[in-house]
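Engineer: Sharing a structure with you now.
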Amino acid sequence: MKQLQQEVDEYISQFKEGYFSPLAMLARLTEELGELAREINHYYGEKPKKSTETEKKIEEEAGDLLFVLICLANSLKIDLETAHDLVMEKFNTRDKDRWTKIEEKKGE
């Protein structure tokens, strides 16, 4: 994750404009999430694409969303690896008994 954040920072740092404001990036995150939702709806939902719409991959839309999230984190000096670790700690403690676990097979 640190490598991804560094790669995005190196890319953004070559431009005078730098990172957009956090509020502008939140709007971009919302926009990209909408585009991801649209593609998932086309592939798995009840709304097929129009013949005039270009084909996009869910992978590409997820990548766009990740890029903007990394930009937001970088601009706010958030280490996403640390953020991930905090969330996983929460899931592994507070929510450890929340869901039904898959039983291990004998011999594993």
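Engineer: Name the single residue that is surrounded by the fewest Cβ atoms within 10 Å (Cβ to Cβ) among those in region 69-105 being under 30 Å from Glu32 (Cα atoms) and among the charged types (D, E, K, R).
Structural biologist: Residue satisfying both the conditions and the ranking: Lys77.
Engineer: Also, I was wondering about something else. If Lys47 passes every condition in (1) more than 25 Å from Met1 (Cα to Cα); (2) at pLDDT 90 or above but one, which one does it miss?
Structural biologist: All conditions pass for Lys47, except number (2).
Engineer: Another question about this same structure. Restricting the search to region 1-54, which residues are among the β-branched types (Val, Ile, Thr) and touching a Cys at 6+ places or on another chain (Cβ under 7 Å)?
Structural biologist: Val8, Ile12
Engineer: With the condition being among the β-branched types (Val, Ile, Thr) and in contact (Cβ under 8 Å) with a residue 40 or more places away in the chain, I'd like the helices (runs of 4 or more DSSP H) fully within the chain carrying at least 1 qualifying residues.
Structural biologist: Details: elements: 2-12, 22-44, 58-75, 80-93.
Qualifying helices (runs of 4 or more DSSP H): 2-12, 58-75.
Engineer: So which of Glu108, Glu39 is modelled with pLDDT under 95 and buried (at least 16 other Cβ atoms within 10 Å of the Cβ)? Spell out the reasoning first.
Structural biologist: On the way: Glu108 fails: buried (at least 16 other Cβ atoms within 10 Å of the Cβ).
The match here is Glu39.
The values are calculated or read from the model by the stated rules, or taken from the named source; none is laboratory data. None of the values given here were measured: they were computed from a predicted structure. When we count neighbours, we look across all protein chains shown, and the Cβ atoms used for this are built from the backbone with ideal geometry, even at glycine.
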